Amino acid sequence: PGLSGVVKVAGGAGHSIALKGDGGVWAWGRNQQGQLGDGTTVDRLTPQQVSGPSNLGGTFGGVTLLSSGPQAWHTLTLKPNGSLWTWGSNLVSQLSGTVTDACPLPPNAPNAKCSFTPVPVLGLTLRTEPYNALHDKFYPSIGCAPCTRAISLGEDVRSGRWWWESPELKECGLHVKG
């Protein structure tokens, strides 16, 4: 059986990751540089939950956003407090932090380091702002309740706030006659 409750997915170089609604991260595919985050370098055909650092009790969750890329042998995640966490290959120092696991690949970089479980990205915290779940339902610009509607594909991102009074472009919060 597959995963349920998945809200976001991303793909890396030979691996896939999924974020569930509960903040848990799951990964599967190639794992030669620890990019699955399960503490091993064993390839997985089925999704495995990403493990947390042992000093955090071996659990990793509370994630709101994840990313990887077609050339990436690593994964990057964001938590609500603005902290960034990453794991996998650190061949070009993309993980930051203290990374001590020896990577079995590539053979031309015998001293390459990896992280087989999530590590914090040191010295960088993203500014976090309140997030409204309506953004995921095509409400990119949110005003007061009577003024806000979802937009259609191709509409201006602020058109959901220009619809209720008249055909003129009046935006929620700017109901000034003049």
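Miscellaneous remarks
- Of the residues Lys79, Lys113, ranked by 1.4 Å probe accessible area with the largest first, the sequence reads Lys113, Lys79.
- The label point for Ser93 and the one for Gln71, both projected 7 Å from the Cα toward the Cβ, are 1.9 nm apart.
- Surface accessible to a 1.4 Å probe, Trp28 within the full protein complex, Å²: 70 Å²
- Between Leu45 and Lys8, the FRET efficiency estimated from the beta carbon spacing at R0 = 25 angstrom works out to 0.70.
- Exposure rank, largest accessible area first [Lys20, Lys8; 1.4 Å]: Lys8, Lys20
The values are calculated or read from the model by the stated rules, or taken from the named source; none is laboratory data. All values reported here derive from a predicted model rather than from experimental measurement. Using ideal geometry, Cβ is built from the backbone for each residue, glycine included, and neighbour counts are taken over all protein chains shown. What goes into the accessible areas is simple: the full protein's heavy atoms, side chains included, and nothing from ligands, DNA or RNA. Shrake-Rupley method; radii C 1.70, N 1.55, O 1.52, S 1.80 Å.
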